[in-house]
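Report on one structure; see the data block that follows.
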Ligand code: 6PG
């Protein structure tokens, strides 16, 4: 028998990289979307049953857009309790709503306008306001004040990771990671360390208080960073990573206090996936 055909390599299941929390691996982005969507729907129902509402925060970027679309058109996910959902934006670019880079507009066009979510439960970041961050923080506190103490937090936060290790708009070495803002839930992030345009972003304080953090990473372009993050995590001392490492690789700042962290990777983003040369 000659050498195994390339197809064989496709059949190999990569070992999930050792990242903090749970790691879910699926062969293709489409299959990964099913895994995320199934978990999201389950969380939504559980939260509506227990707390009467589902507090959902979504990220921008290109990775989750097909997921947002699937949530709308796939009959599997029709049961999502949008009527009881509050929709938040993890981070926003400081651009007008009619700018194509506006995360809210993208999310709202797909979900807000095509679900029965009441308008008043959709919470854009008014990113151009000088106090956009404190305003969003106030809105958040007002809405969540209806929840019993201890449950006044986000239920499900969908995040991505940049090839530079950023998550939300928390870029390596950027001001929003600095100590002095640690008590803030939302911050403006700007300056040379922030990929333009300037941003408004949820902070680790808010993110890490959440019930469930989901980090969705797809494609070969993210593989090297996944490998780096896994290596840094493996080399940590103790349960948490130190501030210097978070400054370098912000995604490692995700560390829920009383919640769950789940990574969702496709094969292409897994360091262990063999190169397929077909
Ligand atoms: C944003 C996101 C950001 C994103 C990563 C990955 O608004 O851009 O909140 O954190 O998730 O940059 O972006 P891609 O999905 O486009 O690779």
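Annotations for the structure displayed:
Conditions (1) within 14 Å of the ligand (Cβ to nearest atom); (2) buried (at least 17 other Cβ atoms within 10 Å of the Cβ); (3) in contact (Cβ under 8 Å) with a residue 24 or more places away in the chain, marked per residue:
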position: 62; (1), (2), (3): yes, no, no
position: 72; (1), (2), (3): no, no, yes
position: 77; (1), (2), (3): no, yes, yes
position: 82; (1), (2), (3): no, yes, yes
position: 94; (1), (2), (3): yes, yes, yes
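- Some residue of segment 129-152 being within 11 Å of the ligand (Cβ to nearest atom), closer than 21 Å to residue 61 by Cβ and in contact with a strand residue (DSSP E or B) (Cβ under 8 Å, 6 or more places away or on another chain): no
- Considering residues of segment 251-265 that are under 13 Å from residue 20 (Cβ atoms) and in contact with a helix residue (DSSP H, G or I) (Cβ under 9 Å, 6 or more places away or on another chain) only, the residue surrounded by the fewest Cβ atoms within 10 Å (Cβ to Cβ): 255
- In the condition set (1) over 30 Å from residue 146 (Cβ atoms); (2) part of a loop (DSSP other than H, G, I, E, B); (3) at pLDDT 95 or above, residue 31 is compliant with all but (2).
- Residue count for segment 138-155, restricted to those that are in contact with a helix residue (DSSP H, G or I) (Cβ under 8 Å, 6 or more places away or on another chain) and closer than 16 Å to residue 89 by Cα: 4.
- Once segment 39-60 is narrowed to residues that are within 30 Å of residue 195 (Cα to Cα) and touching a helix residue (DSSP H, G or I) at 6+ places or on another chain (Cβ under 6 Å), the residue that is farthest from the ligand (Cβ to nearest atom) is 58.
The values are calculated or read from the model by the stated rules, or taken from the named source; none is laboratory data. Worth saying up front: this structure is predicted, and the values here are computed from it rather than measured. Note that we place each Cβ from the backbone using ideal geometry, even for glycine, and neighbour counts take in every protein chain shown.
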